[in-house]
Amino acid sequence: MHLFILNGKDEGRHLKLNAGKYIIGRSKKSDIILTHDQYISGTHAELSYNKSGKLTIKDLGSSNGTYLLGEYIEQETKITPGDIFRVGHTFFKITMRDNERFLDSGSEPSEIPEAIVVIDLVGSSKIAQALGDRVASKVKNVIFDKLHENLTLFPSEFSKNTGDGYMIIFTKPLDAVLFSVKLMQDLIGEGQYKGFHIRIGINYGETIKLPDGDRRGMAVDMAFRIESVKINEMHQTIVGLKKDMMPRVDRVFISEVVYNLIASKSAIKTRIIGFFDLKGFTGRHKIYEVIF
């Protein structure tokens, strides 16, 4: 098994993993030392690889968390070849090979600014448990059909199913917002829109484009955080809404970057929701809602 670093000053660094435990951190006590990433704790995360080939990762109580495929790790979690995880602001890839396609080609993964749209079907597992897989499948088909209808109006660069929703990549943030607004309007306008809710989060920033077209990077992670923000992550200030007025579902939330890029478009109405703590990111982040 092999471990590759995908970004930062250690980009391209490669480590062969033998059976054992590997601590990742800034401390000299760590096995994989990364001093250039200030968001990594002294002993941040631990990789465990046993003789049977099972590989797991767990967070060691770090300040900024550990993420596997964009999801925050709360307990020891299994990793399979091809998976990408993030420690601090550094991305790692696990592979069975000692070289990767983006390294074989003599080029680095491309990093380009893009708009990332994250769509989540809220409580999809609960829908399946309460109403059965057949009804849950019909609900997902409603969203799938409307999503693809709107992608013909606003073509994307890339899209994928995330299990409970979708991630879609657009070149322009305006197209990402217009697509999201049209999708929400169509779903709410449908008589079939009953018993389920969706949330949409949009961010804009540099993404890492992988050989299969998938995207990774801090901008992608932030889009997922924006989609899923909760009331307890909000700071009550004189700016924005009161906590009890924050919409929980059926919402389109955007980052401050996206807001600044579309603010001059008078046809798009927005309002500030407030300042939030986002897991894995330092500081407070201003989030806006697009009114549809």
request  = Name the residue, out of ASP277, ASP221, ASP83, whose mean-square fluctuation peaks in a Gaussian network model built on the chain with Cα pairs under 10 Å.
outcome  = ASP83
message = Exceeding 31 Å between C-alpha atoms, which entries from my cross-link table qualify? They are LYS54/LYS172; LYS230/LYS265; LYS54/LYS286; LYS172/LYS286; LYS28/LYS54.
response = LYS54/LYS172; LYS54/LYS286
task = Just check the range 219-268 against the gyration tensor rule for me: Cα atoms, a ≥ b ≥ c as the square roots of the eigenvalues, rounded for a/c under 1.5, and otherwise prolate or oblate depending on whether a/b exceeds b/c.
result = oblate
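Quick one: dipole size for the chain, taken about the Cα centre, charges +1 on Lys/Arg Cβ and -1 on Asp/Glu Cβ, in debye to the nearest 20. Working shown, then result.
Values: 40 positive and 36 negative charges, 122 e Å.
Dipole of the chain, to the nearest 20 debye: 580 debye.
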note = Which residues qualify? For ASN7, with a placed amide H closer than 5 Å and at least 5 residues away or on another chain, they are GLY12, PHE91
query = So, by mean Cβ neighbours within 10 angstrom, what's the order for 165-176, 242-253 with the highest one leading?
reply = 165-176, 242-253
note = Of the DSSP H helices in the chain, the ones reaching 27 Å or more along their long axis in Cα terms and averaging at least -0.5 in Kyte-Doolittle hydropathy are 133-153
Fraction of beta bridges assigned by DSSP in the chain that are antiparallel (%, nearest 5) = 90
ask   = What are the principal axis extents of the Cα atoms in the range 245-292, in Å, biggest first?
value = 33, 23, 13
key: Accessible area expressed per residue, the range 180-292, with surrounding protein chains retained (probe 1.4 Å, Å²)   = 46
request  = Mind checking the range 193-230 for trypsin sites (Lys or Arg not before Pro) that DSSP puts in a loop (not H, G, I, E or B) and that have at most 16 other Cβ atoms within 10 Å?
outcome  = LYS194, LYS230
request  = Rounded to whole Hz and in sequence order, give me ³J(HN,Hα) for the range 31-46 from the Karplus expression 6.51 cos²θ - 1.76 cosθ + 1.60, θ = phi - 60°, writing x for Gly and Pro.
outcome  = 7, 10, 9, 10, 7, 7, 9, 5, 8, 8, 6, x, 10, 9, 8, 10
task = Could you work out, for the chain, what percent of all Cα-Cα pairs fall into each 10 Å distance bin, beginning at 0 Å and stopping at the bin that holds the largest distance?
result = 6, 26, 32, 24, 11, 1, 0
task = Using θ = phi - 60° and the Karplus relation 6.51 cos²θ - 1.76 cosθ + 1.60, list the HN-Hα couplings for the range 240-245 in order, rounded to whole Hz, with x at every Gly or Pro.
result = x, 8, 6, 3, 6, 9
query = When the helices in the chain are scored as -39500 (n - 2.57) per DSSP H run of 4 or longer and the sum is shared across all residues, what 222 nm value do you end up with, to the nearest 500 deg cm²/dmol?
reply = -7000 deg cm²/dmol
note = Net charge (Lys, Arg +1; Asp, Glu -1) of residues whose beta-carbon lies under 13 Å from that of ILE202, ILE202 excluded, is -2
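First compute the accessible area of the chain with a 1.4 Å probe, then give the percent of it belonging to carbon and sulfur atoms.
49
The values are calculated or read from the model by the stated rules, or taken from the named source; none is laboratory data. Nothing here was measured: the structure is a model prediction, and the numbers come from that model. For neighbour counting, all protein chains shown are included, and Cβ atoms are generated from backbone atoms with ideal geometry for every residue, glycine included. Heavy atoms of the whole protein, side chains included, go into the accessibility calculation; ligands, DNA and RNA do not. Shrake-Rupley method; radii C 1.70, N 1.55, O 1.52, S 1.80 Å.
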